[in-house]
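The values are calculated or read from the model by the stated rules, or taken from the named source; none is laboratory data. None of the values given here were measured: they were computed from a predicted structure. Virtual Cβ from ideal backbone geometry, glycine too; neighbours counted across all protein chains shown. Heavy atoms of the whole protein, side chains included, go into the accessibility calculation; ligands, DNA and RNA do not. Shrake-Rupley method; radii C 1.70, N 1.55, O 1.52, S 1.80 Å.
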Amino acid sequence: EPEVTQTPSHQVTQMGQEVILRCVPISNHLYFYWYRQILGQKVEFLVSFYNNEISEKSEIFDDQFSVERPDGSNFTLKIRSTKLEDSAMYFCASSTDRGPLAEAFFGQGTRLTVV
Amino acid sequence: AQTVTQSQPEMSVQEAETVTLSCTYDTSESDYYLFWYKQPPSRQMILVIRQEAYKQQNATENRFSVNFQKAAKSFSLKISDSQLGDAAMYFCAVLTNTGNQFYFGTGTSLTVIP
């Protein structure tokens, strides 16, 4: 069964460093998402991406964050200068279409620890 | 905006027994969908069940069923005949018909006791 894969499963980085989280969505999917969950808190939407551009983003997704689909298969989330509060589990997701009728498939998550 | 509350951070159930996970939500939208996702340890989050808010009939998927109380904005998940493989984190979520982002709760960690 096709699945969304994320690498690495766990990343430790020093505060102020840049980090790139990688995701390989399901191959025929067109919509891509990043969510994050700070420990003990809700899973929060960060950004959605379609047709090589951001379609929606949340208030969390500030100038420190960027996304791209560099080669038509990977979908990456970059955090330019990490802060301690960026420590969280980051989930990538993809779907064939937008809206609730198109099932979103999630990856297993990347746990980012900023020290 | 939408909010989702899961008031049970942890639950446990004896194998073969039934367990109910609670979820309440709030939305000003009239057209929305509710979801339960399951995330086994170190695995992908997978869709368990989906409920359209305009449907009065509760959704059922094999051993999984929901109790959807629209007026109370409650959406609980019932797992019957619990199996060891049901052990996971369960997330409740809402998605509006016009929106493109899920609003999740904090999750409930379910342990299944052999």
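Here is how the numbers come out for the structure above:
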| quantity | calculated |
| --- | --- |
| Residues of the stretch B:75-91 that turn out to be under 10 Å from the mean Cα position of the chain (by Cα) and of a type in the set (S, T, N, Q), as a count | 1 |
| Pick from the stretch B:53-94, criterion of a type in the set (D, E, K, R) and closer than 23 Å to B:Ser28 by Cβ, ranking: surrounded by the most Cβ atoms within 10 Å (Cβ to Cβ) | B:Lys73 |
| Single residue of the stretch A:9-25 satisfying the filter (modelled with pLDDT of 95 or more and within 14 Å of chain B (Cβ to nearest Cβ)) that is surrounded by the fewest Cβ atoms within 10 Å (Cβ to Cβ) | A:His10 |
| Selection from the stretch A:26-52 of residues that are part of a loop (DSSP other than H, G, I, E, B) and either among the β-branched types (Val, Ile, Thr) or open to solvent by 60 Å² or more (accessible area, probe 1.4 Å) (or both) | A:Ile26, A:Ser27, A:Asn28, A:Leu30, A:Ile38, A:Leu39, A:Gly40, A:Gln41, A:Lys42, A:Asn51, A:Asn52 |
| Check on B:Ser82, touching a residue at least 60 places away in the same chain (Cβ under 8 Å), among the hydroxyl-bearing types (Ser, Thr, Tyr) and part of a strand (DSSP E or B) | no |
| Residue that is farthest from B:Tyr33 (Cα to Cα) [pool: residues in the stretch A:66-115 that are more than 8 Å from chain B (Cβ to nearest Cβ), assigned to a loop (DSSP other than H, G, I, E, B) and of a type in the set (Asp, Glu)] | A:Asp71 |
| Where B:Gln83 falls short, out of the listed (1) on the phi < 0 side of the Ramachandran plot; (2) of a type in the set (S, T, N, Q); (3) within 11 Å of chain A (Cβ to nearest Cβ) | (3) |
| Within the stretch A:59-78, considering residues that are more than 22 Å from B:Gln44 (Cβ to Cβ) and under 13 Å from the mean Cα position of the chain (by Cα), the one most open to solvent (accessible area, probe 1.4 Å) | A:Glu68 |
| Options B:Tyr32, B:Tyr25; residue that is modelled with pLDDT under 95 and within 14 Å of chain A (Cβ to nearest Cβ) | B:Tyr32 |
